[in-house]
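The values are calculated or read from the model by the stated rules, or taken from the named source; none is laboratory data. A quick note: this is a predicted structure, and the numbers were derived from the prediction, not measured. Cβ placement follows ideal geometry from the backbone for every residue including glycine, while neighbour counts extend to all protein chains displayed.
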Amino acid sequence: MIDKASPLPLYHQIVEKIKKQIEQGELKPGDTLLSEREYAEKYEISRMTVRQAITQLTNAGYLYRLKGVGTFVAEQKIEQPLSGLTSFTEDMEARGMKPSSKIINFEIIPASSSIAKELNIKEYSPVYEIKRIRLADNEPMALENTYISANLVKGLTEEIVETSLYKYIESDSKLTIHHATQIIESSIANKQEAEYLNIKKGFPILLIQRNTFLKDNQPFEVVRSSYRSDRYKFMISMDR
Ligand code: 16G
């Protein structure tokens with residue numbers, strides 16, 4: 001139970017207890033938490049202490065509050081290792097989740113100077129501009145803007161990018177995806193991102209820019225994505 005003699009603050013003990021219940025599946029996404037009063041009575045502590053614990057868990061994304069309704073267990077974040085160069089489809093399938101995409105835009109446009117530079121092609125050369133909402137088990141996870149040289153990759157269609165771009169590149173177009181660089185930074189959702197990702201405007205998001213290259217160091221894609229920060233965290237392992 002709660003150890004009042006422990007040097008650990010009481011609210012911290014409550015935080016750890018609820019976290020453990022979530023991690024062990026005793027509390028599942030969508031479950032309603034006990035009320036502040038109920039927790040206070042159960043552990044014989046003050047409501048203030050309970051509130052402090054619940055606020056911390058809410059800020060950390062374990063819980064969410066609905067005004068006038070209660071506090072609920074949130075969906076837990078997907079932990080994405082940053083070791084291999086994988087596709088969204090592969091990542092979701094590896095977790096037993098069903099990947100899908102909603103195409104917002106698919107067209108061939110003249111490359112802007114910055115995209116042309118990154119793809120190592122001439123300005124105004126034709127590039128595919130693909131905007132997709134990426135979903136896992138029908139829940140929006142990320143909004144992706146992809147740019148690919150249309151002279152390099154032939155025959156790309158809306159139907160193909162509704163499933164897996166990488167699968168098409170590697171099986172049908174016979175190109176070898178080799179390496180990538182990725183930059184991750186924090187931001188907040190603008191109106192469009194909020195709408196597509198089913199979050200509120202101003203909600204924290206992670207902006208990820210991936211530049212992917214083929215075997216001979218030839219740039220293949222430039223992708224600018226917005227990921228829901230309440231659904232994603234990234235893991236890097238390091239050697240020393
Ligand atoms: C991932 C990649 C993206 C790539 C896509 C291909 C990041 C940030 N982005 O979402 O660059 O285009 O996978 O996925 O990791 P697909 O093969 O399922 O279309």
Within segment 81-94, considering residues that are more than 10 Å from the ligand (Cβ to nearest atom) and touching a residue at least 40 places away in the same chain (Cβ under 8 Å), the one nearest to Phe213 (Cα to Cα): Ser83
Residues of segment 208-240 that turn out to be out of contact with any Phe, Trp or Tyr (no Cβ under 8 Å at 6 or more places or on another chain) and of a type in the set (A, V, I, L, M, F, W, C), as a count: 4
Segment 208-240 - residue that is hydrophobic (A, V, I, L, M, F, W, C) and surrounded by 15 or more Cβ atoms within 10 Å (Cβ to Cβ) and, of those, farthest from the ligand (Cβ to nearest atom): Leu214
Any pair with Cβ under 6 angstrom, 6 or more apart, that starts in segment 28-55 at a residue that is without any contact (Cβ under 8 Å) to a residue 12 or more places away in the chain and ends at one that is of a type in the set (Val, Ile, Thr): Ala40/Val50
Unmet criterion (only one of (1) at pLDDT below 95; (2) buried (at least 16 other Cβ atoms within 10 Å of the Cβ); (3) charged (D, E, K, R)) for Glu139: (2)
Condition met for Glu107 (in contact (Cβ under 8 Å) with a residue 24 or more places away in the chain, more than 30 Å from Gln21 (Cβ to Cβ) and charged (D, E, K, R)): no
Residue list for segment 68-120, filter: β-branched (Val, Ile, Thr), closer than 30 Å to Ser35 by Cα and surrounded by fewer than 16 Cβ atoms within 10 Å (Cβ to Cβ): Val69
Pair list, Cβ < 8 Å and 6+ apart or interchain, from segment 110-125 residues that are of a type in the set (D, E, K, R) to residues that are assigned to a loop (DSSP other than H, G, I, E, B) and crowded, with 16+ Cβ neighbours inside 10 Å: Lys122/Ala111; Glu123/Ala111
Test set (1) free of Cβ contacts under 8 Å to residues at least 40 places away in the same chain; (2) among the hydroxyl-bearing types (Ser, Thr, Tyr); (3) within 23 Å of Met235 (Cβ to Cβ) - Tyr166 fails condition number: (1)
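Report the residue count in segment 216-240 for those that are more than 22 Å from the chain's Cα centre (by Cα) and at negative phi. Give the steps one after another, and end with the answer.
The initial filter retains those residues of segment 216-240 that are more than 22 Å from the chain's Cα centre (by Cα), namely 216-220, 239-240.
Now drop any that are not at negative phi, which leaves 216, 218-220, 239-240.
Number satisfying all stated conditions: 6.
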Of residues in segment 22-49 being within 22 Å of the chain's Cα centre (by Cα) and not in a loop (DSSP other than H, G, I, E, B), the one nearest to Leu63 (Cα to Cα): Ile22
